[in-house]
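Novice: First the structure, which I've put down as structure tokens, then a few questions once you've had a look.
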Amino acid sequence: MWGIIISIIMAVIIGLIGDALAGHNMPGGIIGAMIAGFAGAWLGALLLGNWGPVVGNFAVIPAIIGTALFVFLLGLVSRLFRQAA
């Protein structure tokens, strides 16, 4: 039970840090930050591996980098959709 709560809290924190690094392009507030944190942690682990400090099953540094990349790409896609509409 505590593992799930810690994972959710870490996803929110990592999502907020990644959003701040990418220029605040993440929609959805806390829920969006949590989703971005989980997706970014997966992307960071996929691209960079699992190194650095691990908290709540997240390798923190690759997760933050992956989240910033995810939020940046999401911001680009949303801008493209806004221009096309």
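Novice: Across region 2-58, what is the total count of residues that are of a type in the set (D, E) and farther than 14 Å from F72 by Cα?
Specialist: Of the residues in region 2-58, 0 are of a type in the set (D, E) and farther than 14 Å from F72 by Cα.
Novice: Only one of I8, I17 is surrounded by fewer than 16 Cβ atoms within 10 Å (Cβ to Cβ) and at pLDDT 85 or above; which?
Specialist: I8
Novice: Of the conditions (1) under 26 Å from M1 (Cα atoms); (2) in a helix (DSSP H, G or I); (3) small (G, A, S), G52 satisfies every one except a single condition; which number is it?
Specialist: G52 satisfies every listed condition except (2).
Novice: Then there's this: Go through region 20-30 and report how many residues are farther than 15 Å from I65 by Cβ, assigned to a helix (DSSP H, G or I) and open to solvent by 80 Å² or more (accessible area, probe 1.4 Å).
Specialist: The number of residues fulfilling the criteria is 1.
Novice: Go through (1) modelled with pLDDT of 85 or more; (2) under 16 Å from A11 (Cα atoms); (3) of a type in the set (F, W, Y) for W51 and report which single condition fails.
Specialist: (2)
Novice: Let me ask something else. Can you tell me which of (1) open to solvent by 70 Å² or more (accessible area, probe 1.4 Å); (2) hydrophobic (A, V, I, L, M, F, W, C); (3) assigned to a helix (DSSP H, G or I) is the one L43 doesn't meet?
Specialist: Failing condition for L43: (1).
The values are calculated or read from the model by the stated rules, or taken from the named source; none is laboratory data. Everything numeric in this text was worked out from a predicted model, so none of it was measured. Cβ atoms come from the backbone with ideal geometry, glycine included; neighbour counts cover every protein chain shown. In case anyone asks, the SASA skips ligands and DNA or RNA and just uses the protein heavy atoms, side chains included. Shrake-Rupley method; radii C 1.70, N 1.55, O 1.52, S 1.80 Å.
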